[in-house]
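All of the numbers you see were taken from the coordinates with simple rules; none came from a lab. Given the structure is predicted, the values throughout are model-derived calculations rather than measurements. Cβ coordinates were reconstructed from backbone atoms using ideal geometry, including for glycine residues, and neighbour counts include every protein chain displayed.
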Amino acid sequence: VNSHLLGAKQLDGLGALDWRYASAESLERVERGVVGWCAPEILRAEGQIALAAGGVDAARIAEGYFGRALDLATRQGALAWRLRAATSLAQLMATDGRSREGARILAEICGQFSEGFSTADFKAAKALLETLNQTA
């Protein structure tokens, strides 16, 4: 994606739609506090990028971004972003032998939903939660 052709908000939104399009420019704006509604998703995307890049510290770096995304989404009251961040965090924890901790985080957030049970994100979170509970 040519970031010179897109405005800042469009670039941020594109990164929120698909982590593979998250940009360094969007992350820099998140760090300055000028990205609003999609800032948690930009942070989560950076975690996904860190995992995809690999390396010795990839999991630690990704966990930091996922945790920050979860915290920011909580402060914003953005339950859907919380679910996405918690799903990524729980998945990462499971690969690190911490399925029980990941399941606890994910279950707490899934329990806050009163609608939206048929969304792809909720279905993915519930499927992961079932898997985590079986392995914990």
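Set the Förster distance to 22 Å, then compute FRET efficiency between residue 95 and residue 74 from the Cβ-Cβ distance, nearest 0.05. That pair, residue 95 with residue 74, gives E of 0.40.
Please report the spacing between the Cα centers of region 24-69 and region 75-136 in Å, no decimals. Using only Cα atoms to place each centre, the spacing works out to 18 Å.
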